[in-house]
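Data first, discussion second: the structure below is written as structure tokens.
The values are calculated or read from the model by the stated rules, or taken from the named source; none is laboratory data. Keep in mind that this is a model prediction, so the values were computed, not measured. Cβ placement follows ideal geometry from the backbone for every residue including glycine, while neighbour counts extend to all protein chains displayed. To get the accessible areas, we keep the full protein, side chains included, count just its heavy atoms, and leave off ligands, DNA and RNA. Shrake-Rupley method; radii C 1.70, N 1.55, O 1.52, S 1.80 Å.
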Amino acid sequence: EDGALLVDPENMEEIYRAMKRMLEDKKLRRALIKRGKEIVKKYSWTKTGKGCLDVYGDLLKNWKKNS
């Protein structure tokens, strides 16, 4: 999402510029931190576990139905 500066991981110059920008631009840094905190609220181990159980449950139902 938009909670980070994206760079080409193989482009050292681009990584350098992004890191320098984060260090020098307090407003950008604060905005990304705030957005990151909003994004992280969408994710939790509980939600992830429930999602996995739902998928496994659906797979099991379909397997039983087709067996």
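Just give me a number: lysine pairs in the chain, eight or more positions apart or cross-chain, with C-alpha atoms less than 19 Å apart. Mind showing how you got there, number by number?
On the way: Lys26/Lys34; Lys26/Lys37; Lys27/Lys37; Lys34/Lys42; Lys37/Lys47; Lys41/Lys50; Lys42/Lys50; Lys50/Lys61.
Eligible lysine pairs with Cα atoms under 19 Å apart amount to 8.
As I understand it, the value is the acute angle between the Cα axis of helix 45-66 and the longest principal axis of the Cα atoms of the chain; what does it come to in degrees, rounded to 10?
30
Given [x] 11.6; [y] 12.9; [z] 15.4, which label gives Kirkwood radius over Cα pairs in Å as computed from the coordinates?
Calculated Kirkwood radius over Cα pairs in Å: the matching label is [z].
Taking trypsin sites (Lys or Arg not before Pro) that fall in a DSSP loop and have at most 15 other Cβ atoms within 10 Å as cut points, what is the longest piece of the chain between them?
Values: sites that count: Lys41, Lys42.
It runs 1-40.
For the chain, what is the mean residue ellipticity at 222 nm derived from helices alone (per DSSP H run of n ≥ 4: -39500 (n - 2.57); sum divided by total residues; nearest 500 deg cm²/dmol)? Please report the intermediate quantities before stating the final value.
Values: 3 runs with 50 residues, N = 67.
Value at 222 nm, helices only, nearest 500: -25000 deg cm²/dmol.
Please state the relative contact order of the chain as a whole percent: Cα pairs under 8 Å, 6+ residues apart?
Values: 20 pairs, mean separation 19.9, N = 67.
Computed over the chain, the figure is 30 percent.
Rounded to the nearest 0.05, what FRET efficiency do Leu5 and Lys42 give with R0 = 22 Å and r taken as the Cβ-Cβ distance? Could you check?
Values: r = 20 Å, r/R0 = 0.90.
With a Förster radius of 22 Å, E is 0.65.
Considering only protein heavy atoms and a probe of 1.4 Å, how much of the accessible area of the chain is carbon and sulfur, as a whole percent? Write out the running numbers ahead of the final one.
Numbers: 3880 of 6300 Å².
Its accessible area is 62 percent carbon and sulfur atoms.
Hey, got a sec? Which GluC sites (Glu not before Pro) in the range 2-59 land in a DSSP loop and have at most 16 other Cβ atoms within 10 Å?
In loop regions of the range 2-59 (DSSP not H, G, I, E or B), the sparsely surrounded GluC sites (Glu not before Pro) are Glu10.
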